[in-house]
Amino acid sequence: MQILLREVPSDRIAPALRLVDDTLRGRFFQNMSARQVEILKEELRSGPPMRRADVLAAQSEVVEVALRLASEGRISINASEEMV
């Protein structure tokens, strides 16, 4: 997760986490410094409204980075469901 966080542009993380559940957010937060977590939580709470399409685009960018890192052998993706 830390490798993924280093590779994803920091300005794309908050938008990508807008529509996800607290469990997934927690997985990101566990791999960030306390200061980064506070900044990100504040941005999620009081950031400007975003269109759903922009949030989904940010999520897509994170997925693309994860898939690239997996193809390079830098991370391992364990999915319980088939990915499309």
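All of the numbers you see were taken from the coordinates with simple rules; none came from a lab. From a predicted model like this one, the values you see are computed outputs, not experimental measurements. When we count neighbours, we look across all protein chains shown, and the Cβ atoms used for this are built from the backbone with ideal geometry, even at glycine.
Brief remarks follow.
- Relative contact order, whole percent, for the chain stands at 46, derived from Cα pairs under 8 Å and 6 or more residues apart.
- In this label model, E43 and Q30 are separated by 2.2 nm, measuring between points 7 Å along each Cα→Cβ vector.
- Ranking of E61, E38, E72 by count of other Cβ atoms within 10 Å, fewest first: E72, E38, E61
- Estimated [θ] at 222 nm from DSSP helical runs (n ≥ 4, -39500 (n - 2.57)) normalised by residues in the chain, nearest 500: -20000 deg cm²/dmol
- Legend: helices of the chain (whole DSSP H runs) are marked when their alpha-carbon atoms reach 30 angstrom or more along the helix axis and their mean Kyte-Doolittle hydropathy is at least 1.6; nothing is marked.
- Translational diffusion of region 2-71, estimated by Stokes-Einstein from the Kirkwood radius over alpha carbon pairs at 37 °C in a medium of 0.692 mPa s, is 265 µm² per second.
- Cβ-Cβ FRET estimate between Q2 and A53, R0 fixed at 25 Å, reported to 0.05: 0.30
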